[in-house]
Amino acid sequence: MRKHSGFTLIEVMIVIVIIAILSAISLPSYQNYIIKAKIKEAQSNLIGLSLSVESNYQRQLKYHSKSLDSTESLKEEFTTWSPSSDSFSYSYQSIVNGKGFKLVAKGKDKNVEDCTLTINQANEKTITGCRSITSWVN
């Protein structure tokens, strides 16, 4: 009698089904983790930018009076700030000719493209369109 070694087709199919089930469970969790990480990164970039704006305010006793609509113009105006990635685009909106400001981060990547985060001079924070995340992550 000859002894066969190896796997049967049924055993291989069972392993493939198990791998498929594990992938179906883990992939959405991983994508949610990526989205949360990008949002947290945008939050820290906005806080860093607000610190640069406040530092500028301490030197000039007024906020920047013109709005800046691109990340590049923000980096030129506030040289101590630079975003850590390009998942979001950033803008500065002047309120009442330098009496206040509003910083906005809008998602650019496909996972966060509808996501918008804001912070203003009173440290009021909002978040919209970020799927299941409805408040700033602490």
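The values are calculated or read from the model by the stated rules, or taken from the named source; none is laboratory data. Because the structure is predicted, anything quoted here is derived from the model rather than measured. So basically every Cβ, Gly included, is an ideal-geometry build from the backbone, and we count neighbours across all protein chains shown. What goes into the accessible areas is simple: the full protein's heavy atoms, side chains included, and nothing from ligands, DNA or RNA. Shrake-Rupley method; radii C 1.70, N 1.55, O 1.52, S 1.80 Å.
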Checklist entry - Are there any pairs with C-beta distances below 9 angstrom linking a residue in the range 1-30 that is under 30 Å from N111 (Cβ atoms) and free of Cβ contacts under 8 Å to residues at least 12 places away in the same chain to a residue that is charged (D, E, K, R) and not in a loop (DSSP other than H, G, I, E, B), with the two at least 6 apart or on different chains, and if so which? => result none
Checklist entry - So is Y90 outside any loop (DSSP other than H, G, I, E, B), open to solvent by less than 40 Å² (accessible area, probe 1.4 Å) and touching a residue at least 40 places away in the same chain (Cβ under 8 Å) or not? => result yes
Next on the checklist: Step by step: first the residues of the range 48-83, then only those that are among the hydrophobic types (A, V, I, L, M, F, W, C) and open to solvent by 70 Å² or more (accessible area, probe 1.4 Å), then the one that is modelled with the lowest pLDDT. Which residue is that?
Outcome noted: L61
Checklist entry - Which residues, counting only those in the range 86-105, are within 13 Å of L46 (Cβ to Cβ) and touching a helix residue (DSSP H, G or I) at 6+ places or on another chain (Cβ under 9 Å)? => result S87, F88, S89, Y90, S91, Y92, F101, L103, V104, A105
Item to check | Of all residues making up the range 73-87, the number that are more than 14 Å from Y57 (Cα to Cα) and outside any loop (DSSP other than H, G, I, E, B) | outcome: 4
Checklist outcome for this item: When the range 107-138 is checked residue by residue, the ones that are open to solvent by 50 Å² or more (accessible area, probe 1.4 Å), farther than 22 Å from Y30 by Cα and among the polar types (S, T, N, Q) are Q121, N123, T126
Next on the checklist: Checking the conditions here, which among V96, V104 is of a type in the set (V, I, T) and open to solvent by less than 80 Å² (accessible area, probe 1.4 Å)?
Outcome noted: V104
Next on the checklist: Among (1) closer than 30 Å to V96 by Cβ; (2) in contact with a Cys (Cβ under 9 Å, 6 or more places away or on another chain), there is one condition I35 misses while meeting the rest; what is its number?
Outcome noted: (1)
